[in-house]
Protein chains: 4
Amino acid sequence: MSRIRYGMVGGGPGAFIGAVHRMAAALDGEYSLVAGAFSSDPAKSSTQGAELGLDPTRIYDSWEAMVDGESRLPAEERIQAVVIVTPNFLHFPVAKAFLEADVHVICDKPLTLTVEEAETLCRLTAARNRVFCVTHNYTGYPLVKEARERVRRGELGELRKVVVEYSQGWLSTLLEAEGQKQAEWRADPARAGISSALGDIGSHAHNLVEYVTGQRITRVLADLGTVVEGRTLEDDANILFRTGQGVRGLLFASQIAVGERNHLRLRVYGTKGALDWCQEDPNDLRILESDGSERILHTGGGTLSDEAQDHTRLPGGHPEGFIEAFANLYRNAAGTIRLVEGEEGADPAHAGDFPTVADGARGVHFIHACVESAGSGQWVDADYQPPGERG
Amino acid sequence: MSRIRYGMVGGGPGAFIGAVHRMAAALDGEYSLVAGAFSSDPAKSSTQGAELGLDPTRIYDSWEAMVDGESRLPAEERIQAVVIVTPNFLHFPVAKAFLEADVHVICDKPLTLTVEEAETLCRLTAARNRVFCVTHNYTGYPLVKEARERVRRGELGELRKVVVEYSQGWLSTLLEAEGQKQAEWRADPARAGISSALGDIGSHAHNLVEYVTGQRITRVLADLGTVVEGRTLEDDANILFRTGQGVRGLLFASQIAVGERNHLRLRVYGTKGALDWCQEDPNDLRILESDGSERILHTGGGTLSDEAQDHTRLPGGHPEGFIEAFANLYRNAAGTIRLVEGEEGADPAHAGDFPTVADGARGVHFIHACVESAGSGQWVDADYQPPGERG
Amino acid sequence: MSRIRYGMVGGGPGAFIGAVHRMAAALDGEYSLVAGAFSSDPAKSSTQGAELGLDPTRIYDSWEAMVDGESRLPAEERIQAVVIVTPNFLHFPVAKAFLEADVHVICDKPLTLTVEEAETLCRLTAARNRVFCVTHNYTGYPLVKEARERVRRGELGELRKVVVEYSQGWLSTLLEAEGQKQAEWRADPARAGISSALGDIGSHAHNLVEYVTGQRITRVLADLGTVVEGRTLEDDANILFRTGQGVRGLLFASQIAVGERNHLRLRVYGTKGALDWCQEDPNDLRILESDGSERILHTGGGTLSDEAQDHTRLPGGHPEGFIEAFANLYRNAAGTIRLVEGEEGADPAHAGDFPTVADGARGVHFIHACVESAGSGQWVDADYQPPGERG
Amino acid sequence: MSRIRYGMVGGGPGAFIGAVHRMAAALDGEYSLVAGAFSSDPAKSSTQGAELGLDPTRIYDSWEAMVDGESRLPAEERIQAVVIVTPNFLHFPVAKAFLEADVHVICDKPLTLTVEEAETLCRLTAARNRVFCVTHNYTGYPLVKEARERVRRGELGELRKVVVEYSQGWLSTLLEAEGQKQAEWRADPARAGISSALGDIGSHAHNLVEYVTGQRITRVLADLGTVVEGRTLEDDANILFRTGQGVRGLLFASQIAVGERNHLRLRVYGTKGALDWCQEDPNDLRILESDGSERILHTGGGTLSDEAQDHTRLPGGHPEGFIEAFANLYRNAAGTIRLVEGEEGADPAHAGDFPTVADGARGVHFIHACVESAGSGQWVDADYQPPGERG
């Protein structure tokens, strides 16, 4: 099969997440990077593109120039997909422009700054019949697939309680005042939106809960704090919630939990058993049995579900990590793009199972519901269905 | 030194916690059990007393008979302390009666059913100049002492966030309907009070937070659930809180977290570092450093504080457990009793550092504040100072 | 039931293990300490006895005086058992003298300095029909019982490989030259015997292997090192072995594994599964399944064997430790003493299951076989059956 | 920079390790796969090549045809490097042929079947001035770099003891009789050589010890077992060793440790501290302090050495795994190839630090010394310096 040609917006020198996307795209040989507008600074874009060995004519000074330039190329040369790894506020205009140019989109989270923007993208994606993948990458881990399958198959019984946390400590100081770029734009409402901790990591936790449980978070009570002096947006978020089926839950996300690295952990308790998964040890899935014993499943083990095994590259005991999970989104999106494009030999079995534009919209709505609740100190209805989402 | 003579109310055949108290009292050779009213059923009381080798004249048919009988004995024979290990509703009348008979009290938690009862005990304890220890036993662990010392010494910097949980799964089914005694009374408001999960385990979590941080929980927003059908009291409690110093926190306690055994875990994050302690691995204290590394301290290690070492019996690597921690309360209460009694050689260094009647009263108040908040869905002021408590 | 009257030889001020024995004996209320020769220094013996509240007439200046003094007391007063917690070289004469006075013996390990001495004690124990418990205490843990039961029931299939280690770091420096008493006598061949690491901790590892697997170590190849300069006896021992059934194994014990506390860990691999237990986390038993998943069993869990449950005091999640395991030996020895003494109500179900004088003799023989192998650099036959041991 | 053109020998359909090499080569965009002889079966080679999108003229029926075909291509088209992922017995002839054609070699371990073959490759590599990387991939992990640096800097003090194990359970049954390809050739002396467990995994353990300690294993005493009935080569290897500096160690490797996945663990004890690293949790490095506390370092943490950080792709808490470690070998080999080729902009800082042909030869010699020792039951001199190796 030929590789899917893609371009990148953002991901210039020093941008951690751009490099992750490129490695994830490269891992399985499904994609080929052929164009880019890597920075709002043309010189930086040029440097990055050269380092990546791109044809200089396809290194652009701006994303607008890239939309334009790629559209002029013959169909068999121009990019089929765009990867958007900019600060949040650019997700919307860039995604919209490329969708309108009939380019598939792989976009970082949170999807947009407002619910309205998100809904516009939902409608446009459907209208243009494009693939739109939002990189809630944690669902790409094999054992997250396993967790979801176990819930689906009823192995936990009826669900009763959910605890999810996403603790980081990297913003324990006013890093944004020290010229750290990653911190800078995340702390700026104009570029990050109405939220920092919730948008950056809480939205992952939200997505993970909904993915694994198959239930929707429909009521929230949020306590949001701006702990570090001098900061504008919240850096600590503590939320009580309920799902549509009445399951009680806690979601807490923090950027000031000093010493924590990237501690995303999900626990789901049912009537018959529970599960516990932590992103920092992603190859272990702890099953709590009702008799008080535990079972630990490992990535690559023989008794895992087909869904888990289909997203595993190595035998048991050979650790798979963040990049491999990320690559699973890319691989599944690739399968879907091939299918949508009507590529010969495209296999429906390799399509689907990645976070969609609707999932992204749900995340944006959740952020807004939490901010509203924190303002009032009251429970808020967070029930929401993005345009076009199937029930 | 001669052993402190004590009697026990409750703790008859099959009562887990009575045996724990007896082992904790025996461990260091500070106490001698000489009397008991072990059950409301005289036959059972008699059986238990005989098995323990007590003098038959000091095995009583009721706690009232025990107050009476012991009071008639010569001072050098009668009990100096009573241990109360009954269902919650009896704590108050029994404690009151023995205090009035000038007997020191060691009593299980929650202290009483109402705040008023708790305050009565506070005043009586002061009036009679007695020692009153409430067995919030988790503070007895050496590494909990260490945690408190580290907070005190400022090693975490200013505190910013607290997460405490106490997850159990043993009430995941309607066990109280199956004749399980421990479950039965805990599910009965007449005997347990207005709360099950909060009273039984949430109050331990509350006490642990206040003990380690040295701060008071002064605002709460609670979401209490009765998850198992047919049950009256809450079996799942999720609480957002603030301390008097404005530190944000979460406290969650559950009896329906299936598969969890006795998972009490405390995390405290400051500006400079964090700590993490879990009762199921009580000999490890995890220190999170701001550089993203961890330090694990172990009970018995040479660099621990004097406070931790004073509550350690064995060299590092020799696990100490629940009974040893419990025994630390008994040992400290013994030292205080000896001091109050003016015993020759009593050492002030061995007095103090056990949960007091005021701590117990604070726990009762916390339970009531949470129930109130859950009713209104609103934040509730939980600031409280029991009668006689110093600042 | 009345308590078993016991006396202690050794265990004076500052002796860690004497206090452990006393706590273990006290925990279940089966024993009462009534006499002692706590030190070779009469003043220290006297101080220790007084602190323990003993009758001054039963605090002896020497163990010889204690044998003599106790023998003169009426049968219903004199000690029924002696606990020997002296440096190794005294185990033999003290045990011999008390056996000859018809006193049951609970003795620390290694049993004796020579195989001949051990055999003398085996014969004398049988001749006098006494109970002789050697405190290979690690077999007292509930999950060690569980491990043995699982091997017995064939849940691992046929055994194939054993790995046992006992790593400590406390002798990483020449502590014996700094006046540390525990280190001093262990480093002195006259008091410790021909071995340090093997005698002190390797013998525990040997006992644990034989206890859990039900097989005997019959061939050894040892590499013994004296790593710390200035030391006489070995402080690092690395041994390849085979059992009578041909199972291959490794046993390594070290006192210079800096940073290790008391790391005794046993792994047993069979055809169908494996088990992994570590003394520093004694309440977890890891079962490795052939499909690459793990099952973790916890002390107090409902699915454990009767043997494990019979040695458990608390519900799951309430950590039991070193003292509780030690106390299980005391409790089982007590049941056996009552039976042997023909005490009314003595229950055969509570007798047995403690390390015997024969187990002790086997340990001594193992030490000698290893020292021989280390001398020759060759495999050595370590097959051995102490006098009177049933096949 | 342009990508290094490489071809692959072996790695056809179903071959796990071939896919790993391709992902490792792809990850950083340094290599481009342009040719292959993927199987001894031309049809399979063709299928694999097509699936990988290769030019059909560069998919070869045999490695001999590939040497020939590539040699005829213009220099700017032909492969610069060959990756050899065949069964062991082919490593030698394939590597030799490509070296003679002036192609750089990346080859799986063990390097060759005999020491003589290994030495031939050493000499040829030097004579042709080629890069030869043997994929002892575990040295590619960032925290293995960190471990080596800590030893180098003297943070452990003088080394005293090493324990390394590599436990797997996948050959617990006679898998090779069931048509499992990976098992089949490893069990066949004609294709695997004189060893199975030692060659396949023991050689990794040997390499890891020498890499981290900077010392050489110079004496061995081996106990090799063939545990599964019907098998020819050893599947369980237990080895006592000494380094040139007299450090005592144990190395054990097993393919019949049922339930173990890929458990490679190294512990190094010194006079001042110890370290502990396990491949299944590769992002944690445990430092044992002499005071009995531990420090856990995590990949991506700020206090790691430059060497560790240079081999890290993601911030702390974002797990890196097997493929990333493998890719580090590829990346370092690429830097060296560019340097040797005199490529413009080649940076010496990116050259070196991968296992060389000499390391491979040392591994082969170690296997032979162990087999010899197992035959005699005696210590064997394993001191060895491959031709051309610097001191």
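The values are calculated or read from the model by the stated rules, or taken from the named source; none is laboratory data. Quick caveat, the model's predicted, so the values are computed rather than measured. Every residue, glycine as well, gets a Cβ built from its backbone with ideal geometry; the counts of neighbours run over all protein chains shown.
General observations
- For the stretch D:158-193, the tally of residues that are of a type in the set (A, V, I, L, M) and under 18 Å from the mean Cα position of the chain (by Cα) stands at 2.
- Residue B:281 vs. criteria more than 25 Å from residue C:282 (Cα to Cα) and among the charged types (D, E, K, R): no
- Failed item, numbered, when residue C:359 is tested on (1) touching a His at 6+ places or on another chain (Cβ under 8 Å); (2) without any contact (Cβ under 8 Å) to a residue 60 or more places away in the chain; (3) charged (D, E, K, R): (2)
- Yes/no for residue B:183 being under 29 Å from residue B:119 (Cβ atoms) and among the small types (Gly, Ala, Ser): no
- For the stretch B:374-391, a residue qualifies if it is modelled with pLDDT under 95 and touching a Cys at 6+ places or on another chain (Cβ under 6 Å), and the qualifying residues are B:387, B:388.
- Single unsatisfied condition, residue D:367 versus (1) closer than 20 Å to residue D:106 by Cβ; (2) in a helix (DSSP H, G or I): (1)
- Residue C:289 passes every criterion in (1) surrounded by fewer than 22 Cβ atoms within 10 Å (Cβ to Cβ); (2) modelled with pLDDT of 95 or more; (3) more than 14 Å from chain D (Cβ to nearest Cβ) apart from (3).
Conditions (1) surrounded by 23 or more Cβ atoms within 10 Å (Cβ to Cβ); (2) modelled with pLDDT of 95 or more; (3) more than 21 Å from residue A:258 (Cβ to Cβ), marked per residue:
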{"site": "A:129", "(1), (2), (3)": "no, yes, yes"}
{"site": "A:199", "(1), (2), (3)": "yes, no, no"}
{"site": "A:206", "(1), (2), (3)": "yes, yes, yes"}
{"site": "A:215", "(1), (2), (3)": "no, yes, yes"}
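- Out of A:167, A:172, sole residue that is in contact with a helix residue (DSSP H, G or I) (Cβ under 9 Å, 6 or more places away or on another chain), assigned by TED's automatic domain parsing to the domain that holds residue A:307, within 26 Å of residue A:20 (Cα to Cα) and in contact (Cβ under 8 Å) with a residue 12 or more places away in the chain: A:167
Condition check ((1) under 19 Å from residue A:374 (Cβ atoms); (2) in contact with a strand residue (DSSP E or B) (Cβ under 9 Å, 6 or more places away or on another chain); (3) among the acidic types (Asp, Glu)) across all residues:
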{"residue": "B:213", "(1), (2), (3)": "no, yes, no"}
{"residue": "B:217", "(1), (2), (3)": "no, yes, no"}
{"residue": "B:225", "(1), (2), (3)": "no, yes, no"}
{"residue": "B:229", "(1), (2), (3)": "no, no, yes"}
{"residue": "B:232", "(1), (2), (3)": "no, no, no"}
{"residue": "B:236", "(1), (2), (3)": "no, yes, yes"}
{"residue": "B:242", "(1), (2), (3)": "yes, yes, no"}
{"residue": "B:251", "(1), (2), (3)": "yes, yes, no"}
{"residue": "B:254", "(1), (2), (3)": "no, yes, no"}
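- Residue check, residue D:280 among the acidic types (Asp, Glu) and in contact with a strand residue (DSSP E or B) (Cβ under 9 Å, 6 or more places away or on another chain): yes
- Applying the set (1) surrounded by fewer than 20 Cβ atoms within 10 Å (Cβ to Cβ); (2) touching a residue at least 12 places away in the same chain (Cβ under 8 Å) to residue D:226 leaves exactly one unmet item: (2).
- Take the conditions (1) within 14 Å of chain B (Cβ to nearest Cβ); (2) buried (at least 24 other Cβ atoms within 10 Å of the Cβ); (3) closer than 30 Å to residue A:271 by Cβ; residue A:168 misses just one of them, which is (3).
- Condition check for residue A:124: within 12 Å of another protein chain (Cβ to nearest Cβ), touching a helix residue (DSSP H, G or I) at 6+ places or on another chain (Cβ under 9 Å) and of a type outside the set (Gly, Ala, Ser): no
One line per residue, one yes/no per condition, for (1) over 22 Å from residue C:4 (Cβ atoms); (2) surrounded by 20 or more Cβ atoms within 10 Å (Cβ to Cβ):
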position	(1), (2)
B:9	yes, yes
B:26	no, yes
B:29	no, no
B:39	yes, yes
B:48	no, yes
B:57	yes, no
B:63	yes, yes
B:72	yes, no
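- The number of residues in the stretch C:299-312 being crowded, with 22+ Cβ neighbours inside 10 Å and either in contact with a Ser or Thr (Cβ under 7 Å, 6 or more places away or on another chain) or free of Cβ contacts under 8 Å to residues at least 24 places away in the same chain (or both) comes to 4.
- Count of the stretch C:297-327 residues which are within 10 Å of chain B (Cβ to nearest Cβ), part of a helix (DSSP H, G or I) and of a type in the set (A, V, I, L, M): 3
- Verdict on residue A:96 being in the same structural domain as residue A:17 (by TED's automatic domain parsing) and either among the acidic types (Asp, Glu) or at pLDDT 95 or above (or both): yes
- Taking the stretch C:236-271 as the range and being among the β-branched types (Val, Ile, Thr), more than 8 Å from chain D (Cβ to nearest Cβ) and within 22 Å of the chain's Cα centre (by Cα) as the test, the residues that pass are C:239, C:243, C:268.
- Only listed residue being modelled with pLDDT of 95 or more and either surrounded by fewer than 21 Cβ atoms within 10 Å (Cβ to Cβ) or in a loop (DSSP other than H, G, I, E, B) (or both), chosen from D:150, D:160, D:123: D:123
Condition check ((1) more than 19 Å from the chain's Cα centre (by Cα); (2) assigned to a helix (DSSP H, G or I); (3) modelled with pLDDT of 95 or more) across all residues:
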{"site": "B:329", "(1), (2), (3)": "no, yes, yes"}
{"site": "B:336", "(1), (2), (3)": "no, yes, yes"}
{"site": "B:346", "(1), (2), (3)": "yes, no, no"}
{"site": "B:349", "(1), (2), (3)": "yes, yes, no"}
{"site": "B:362", "(1), (2), (3)": "no, yes, yes"}
{"site": "B:372", "(1), (2), (3)": "yes, yes, yes"}
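- Pairs meeting the criteria (first residue in the stretch D:235-246 and on the phi > 0 side of the Ramachandran plot and modelled with pLDDT under 95, second residue buried (at least 24 other Cβ atoms within 10 Å of the Cβ) and not in a strand (DSSP E or B), beta carbons under 6 Å, at least 6 apart or on different chains) are lacking.
- Residue among A:321, A:352, A:375, A:342 that alone is surrounded by 22 or more Cβ atoms within 10 Å (Cβ to Cβ) and either without any contact (Cβ under 8 Å) to a residue 40 or more places away in the chain or not assigned by TED's automatic domain parsing to the domain that holds residue A:208 (or both): A:321
- Selection within the stretch D:362-385 - away from chain C (no Cβ under 14 Å) and touching a strand residue (DSSP E or B) at 6+ places or on another chain (Cβ under 9 Å): D:362, D:363, D:366, D:369, D:371, D:372, D:382, D:383, D:384
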